[in-house]
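The values are calculated or read from the model by the stated rules, or taken from the named source; none is laboratory data. Since we're looking at a predicted model, the values are computed, not measured. Backbone-built Cβ (ideal geometry, glycine too); neighbour counts: all protein chains shown. Heavy atoms of the whole protein, side chains included, go into the accessibility calculation; ligands, DNA and RNA do not. Shrake-Rupley method; radii C 1.70, N 1.55, O 1.52, S 1.80 Å.
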Amino acid sequence: RASGSVSGKKLPTGLLESDRLPEPIFTPATKADVGDHDINITFEEMKSRIGTDLAKIMRTMSLSIYKKAAEQALKRGIIIADTKMEFGLDPETNQCILIDELLTPDSSRFWPLADYAPGSGQPSFDKQYVRDYLLSIDWSGGASPPHLPDGIVQKTSERYFEALKRLTA
């Protein structure tokens with residue numbers, strides 16, 4: 001399996017935090033051992049691992065999907081700052097296929113367009129609310145996560161459902 005992210009929010013020189021990039025970028029990664037975070041790699045390393053043709057197909061598919069989804073979401077008041085996509089090969093056809101979720105609050109950063117203000121972090125419809133809570137209690141991420149208070153679970157669910165409602169209206 002291979003994965004990669006497409007982002008409209010990384011910081012080249014001269015941009016503010018959360019600024020929109022002139023063009024989305026593709027950032028490849030490879031799967032880590034179970035329980036570990038994916039490992040970012042260069043596009044050159046991706047090509048050496050899976051072959052130039054397949055790497056180019058994955059990059060082209062990722063950017064195309066992201067651009068179309070971001071355009072549609074923007075019409076509904078949501079900025080898709082980035083999203084993660086995972087690919088595999090169909091064992092029967094050897095064709096590149098999407099194999100995991102994408103464009104969800106768990107795999108993306110969704111920002112409300114009405115509140116968008118470059119220069120700082122953005123309010124979001126994604127799991128950032130849970131991350132912020134875990135940071136506030138100084139959870140290091142090393143052990144099993146602590147129990148989430150009902151209020152955190154409720155607020156996260158409300159954010160997810162708000163994104164769903166906006167995107168599917």
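May I ask you to say which residue of Ala81, Ala117 is of a type outside the set (D, E, K, R) and out of contact with any Phe, Trp or Tyr (no Cβ under 8 Å at 6 or more places or on another chain)?
After applying the criteria, what remains is Ala117.
Of the residues that sit in region 75-91 and are open to solvent by 70 Å² or more (accessible area, probe 1.4 Å) and at pLDDT below 95, which one is nearest to Ala29 (Cα to Cα)?
Leu89
Tell me which residues, restricted to region 117-149, are open to solvent by 70 Å² or more (accessible area, probe 1.4 Å), modelled with pLDDT of 90 or more and assigned to a loop (DSSP other than H, G, I, E, B).
Hits for region 117-149 are Ile137, His147.
May I ask you to list the residues in region 99-110 that are touching a residue at least 40 places away in the same chain (Cβ under 8 Å), in a loop (DSSP other than H, G, I, E, B) and open to solvent by less than 40 Å² (accessible area, probe 1.4 Å)?
Within region 99-110, Pro105 is the sole residue that qualifies.
Of the conditions (1) free of Cβ contacts under 8 Å to residues at least 40 places away in the same chain; (2) surrounded by 16 or more Cβ atoms within 10 Å (Cβ to Cβ), Leu113 clears all except one; give me its number.
Leu113 satisfies every listed condition except (2).
Hey, can you tell me all the residues within region 25-55 that are assigned to a loop (DSSP other than H, G, I, E, B) and open to solvent by 30 Å² or more (accessible area, probe 1.4 Å)?
Lys31, Asp33, Val34, Gly35, Asp36, His37, Asp38, Thr42
Return the only residue of Thr104, Thr60, Thr52 being within 30 Å of Ala117 (Cβ to Cβ) and β-branched (Val, Ile, Thr).
Of Thr104, Thr60, Thr52, the one residue that is within 30 Å of Ala117 (Cβ to Cβ) and β-branched (Val, Ile, Thr) is Thr104.
Among the residues of region 49-72, what is the count of those that are farther than 18 Å from Asp100 by Cβ and β-branched (Val, Ile, Thr)?
Qualifying residue count, region 49-72: 2.
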